[in-house]
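Have a look at the structure below, then the notes.
The values are calculated or read from the model by the stated rules, or taken from the named source; none is laboratory data. From a predicted model like this one, the values you see are computed outputs, not experimental measurements. We place every Cβ from the backbone using ideal geometry, glycine too, and count neighbours over all the protein chains shown.
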Amino acid sequence: MREPASSRGYFRSQMKILVIEDEAKLARVIEESLTLARYDVRVATTGEEGFFLLSGEPFDLVVLDLMLPGRGGIEILSAMRARDAAPPVIIITARDSVEDRVRGLDSGADDYLVKPFALPELLARVRAMLRRGGAETVLRLRCADLEMDLVARAVSRAGQAVELTAKEFEILEFLLRHRGTTVTRAMIVRDIWHEVARVMPLDNVIDVHIARLRKKIDTGFGVPLVHTVRGIGFVLRAHP
C-alpha cells in the first residue's frame, strides 16, 4: 500500500527502501528490480554509508547484507533495534548456517534470504513484508502514547485529542517520521517551509512553533516526547 498523494514535498508517494550491499553488481541489479517494481530505492555500498542514511532518513524497509566493509550488518541491525522505531529488515547473505540465521533473526531481522537467490523471491518477500506493516506505517504514526492519523488528520495522546494548526501538524508529522533521530532546523526549513536559501533565517520561527507544539503534546503528561538537542535541533522520543 502506498501513501496518499500530497502536494507537500516531503510526503512520499512510493514506499522507500534502503539496500545496503557492497557487491556493486548485485546492488545494481537489486536496485533496478525494485525500481521497476515502483519502489523508491536508495543504495549504500558500505556499512558506514548505510548507517548514515538510516540515521538521517525514514525508510519503509531495509535490505541488508551481513558482510560489509566497515560497520557490519549485525552491528547496524542491533543499532537500529535499539532506537525507538526502525523499519523491517530483510537480511541477504552468503552465510547459510543455522547459527548465522539464528544470530541474524535474534538481532532483529524480520526475514533472511541466502545468496544466491532469485530476484522474484526477493520481490515477493519485500511485498509480503510491506503488506504486513504497510497500512500501519502509511496511515498511522506513533511514538509511545502519541498517535497521528494521516487520513483523518487527527492527533491524540493517551486517547485525548490534541488540536494542532496546519503547520504544527506538518512539523509533528516530520518529527514522527524521523522519531528517535535528531532533526535539524535546516531539515525543517527544507522539507516543511521548502526553502533552501534564505536571507533571514527561520530559526526563531521554528523555535516558536516547536514551543507551541511541545506545550500541546507534552503538558500534563508524565513523559515528555519533544526534546531539544542543544545546538543541533530536535528529536521526538519516549525517553530523556
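Structural remarks
- Restricting attention to the stretch 81-113, the residues being assigned to a loop (DSSP other than H, G, I, E, B), basic (Lys, Arg) and at pLDDT 70 or above number 1.
- For the stretch 148-173, taking the residues that are among the aliphatic types (A, V, I, L, M) and under 22 Å from the mean Cα position of the chain (by Cα), the one that is surrounded by the most Cβ atoms within 10 Å (Cβ to Cβ) is identified as Leu172.
- Subset of the stretch 139-165 (residues that are outside any strand (DSSP E or B), at negative phi and modelled with pLDDT of 90 or more): Asp145, Glu163, Leu164, Thr165
- Within the stretch 219-240, residues that are more than 24 Å from Gln160 (Cβ to Cβ) reach partners that are part of a loop (DSSP other than H, G, I, E, B) and among the β-branched types (Val, Ile, Thr) with beta carbons closer than 8 Å, at six or more positions or on different chains, in the pairs Val229/Thr182; Ile232/Thr182; Gly233/Thr182.
- Within the set Arg28, Arg42, Arg12, the sole residue that is modelled with pLDDT under 90 and of a type outside the set (Ser, Thr, Tyr) turns out to be Arg12.
- The stretch 45-80, subset among the acidic types (Asp, Glu) and within 26 Å of Glu173 (Cα to Cα), residue modelled with the highest pLDDT: Glu49
- Checking each residue in the stretch 190-240 for being in contact with a helix residue (DSSP H, G or I) (Cβ under 9 Å, 6 or more places away or on another chain), at pLDDT below 90 and in a helix (DSSP H, G or I) picks out Asp191, Ile192, Trp193, Asp203.
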